[in-house]
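Structure, as C-alpha cells:
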Amino acid sequence: MKRIVILTGAGVSAESGLGTFRDKDGLWTKYDLNEVATPEGFARNPVFVHDFYNARRANCRGAEPNAAHRALARLSAAVPGQVTLVTQNVDDLHERAGAVGVIHMHGMLDGALCASCDHRWRAQAVMSPVDACPACGMLAARPDIVWFGEMPYRMDEIYEALLMADLFVAIGTSGNVYPAAGFAAEARANGAETLELNLEPTEGRRAFDAGRYGPASSVVPAWVDEVLSRV
Ligand code: APR
C-alpha cells in the first residue's frame, strides 16, 4: 500500500454548511482578513475578533461531517499508518467523522491559547478578551488559530510525510496560501504522484499529475473506494 499524504481545505467542509474563504460569498468576501485573521487585527480589536471566531465555533457545532469526511476516516482506518491527514481547516469535522491523528496546521476553533504564557486549553463556546488564562491569569486569551504571518503548526511532521509520500492528494483547497500551497510541488520533487480533488480545477492544477472535479461528497468517496479496491 502506498504512503498517502492528504491535505484538505475549506472545500471538504463546504457541503457541511461551513462555507469557504475565496468562493463567491466566501468568508473573505464578507470580512477583511486583516481585521480578523492577523495578530495586528486582534491587537486592534480583540472583541471583534473573538466574536468572529465565536460565530464560526457556533457554526461548526451546528454542522455535521459529510460523506467526504467519512470516506477519509474510512481510508485512514483501512490502511493504518499509511495515511497522513493534514488539514488547513479549523473545524473538527474530520474528527467527528472518526479520523484520528489529524494534523491541524492552522489550529482549531475549539482551542484557546494564552498570548502571554503560551498555555493552551479547550476553548469555551464563547470567548472574550476578559477571559483569564487558566495558567497565568493574564487577560490574554486568544483563539488557538494560526493567523496570517504566523508559523503553521507541525510543519516538521508535514515535510517528513511529504518526503516519504508515494501519493499526495489535495482536497477542497484553492492552493492560494503558503506553505500549504507548496506541498504538491514538494511531494512531486520527492517523487510522489500528485492528485487534486476539487469542485473545479484550481490555479495550482499544473502541480498535479491528475485531477477529479465535482463536489467532495461524491468525488472523495469514489476515489477512496477505488484506492481500497486496489488494497
Ligand atoms: N467540494 C469540493 N471542493 C469545493 C467545494 C465542494 N463542495 N466547494 C468549494 N470547493 C473548493 C473551491 O473550488 C476552492 O478551490 O474549495 C476550495 C476552497 O478554497 P478557499 O476558500 O481558498 O479555502 P482554502 O483553500 O481552505 O484556504 C486556505 O486560507 O484563509 C486561509 O487559513 C485560511 O485555511 C485557510 C487557507
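The values are calculated or read from the model by the stated rules, or taken from the named source; none is laboratory data. Since the model is a prediction, treat every value here as computed from it, not as a measurement. Note: ideal-geometry Cβ built from the backbone for every residue, glycine included; neighbour counts use all protein chains shown.
General remarks:
- For the criterion of being away from the ligand (no atom under 13 Å from the Cβ) and of a type in the set (D, E, K, R), Glu157 passes.
- Residue check: Val49 meets all listed conditions (1) crowded, with 22+ Cβ neighbours inside 10 Å; (2) under 26 Å from Ala161 (Cβ atoms) but one, namely (2).
- Filtering region 117-167 to residues that are within 18 Å of Gly41 (Cβ to Cβ) and β-branched (Val, Ile, Thr) leaves Ile145, Val146.
- Filter result for Ala165 (surrounded by 13 or more Cβ atoms within 10 Å (Cβ to Cβ) and either outside the structural domain of Arg57 (by TED's automatic domain parsing) or not hydroxyl-bearing (Ser, Thr, Tyr) (or both)): yes
- Scanning region 1-27 for residues that are surrounded by 15 or more Cβ atoms within 10 Å (Cβ to Cβ) and of a type in the set (A, V, I, L, M, F, W, C) turns up Ile4, Val5, Ile6, Leu7, Ala10, Val12, Ala14, Leu18, Phe21, Leu27.
- All helices (runs of 4 or more DSSP H) inside region 1-45 with 1 or more residues being within 10 Å of the ligand (Cβ to nearest atom): 27-30, 33-36
- Taken over region 12-35, the criterion of being among the charged types (D, E, K, R) and over 19 Å from Asn198 (Cα atoms) is satisfied by Lys30, Asp32, Glu35.
- If only residues of region 175-218 that are within 10 Å of the ligand (Cβ to nearest atom) and crowded, with 21+ Cβ neighbours inside 10 Å are counted, the one that is nearest to Ser16 (Cα to Cα) is Ala216.
- Once region 90-106 is narrowed to residues that are out of contact with any Leu (no Cβ under 8 Å at 6 or more places or on another chain) and of a type outside the set (A, V, I, L, M), the residue that is surrounded by the fewest Cβ atoms within 10 Å (Cβ to Cβ) is Gly98.
- Flag if Met151 is among the hydrophobic types (A, V, I, L, M, F, W, C), surrounded by fewer than 19 Cβ atoms within 10 Å (Cβ to Cβ) and over 17 Å from Thr38 (Cα atoms): no
- Residues of region 129-148 that are loosely packed, with under 15 Cβ neighbours inside 10 Å and within 16 Å of the ligand (Cβ to nearest atom): Phe148 alone.
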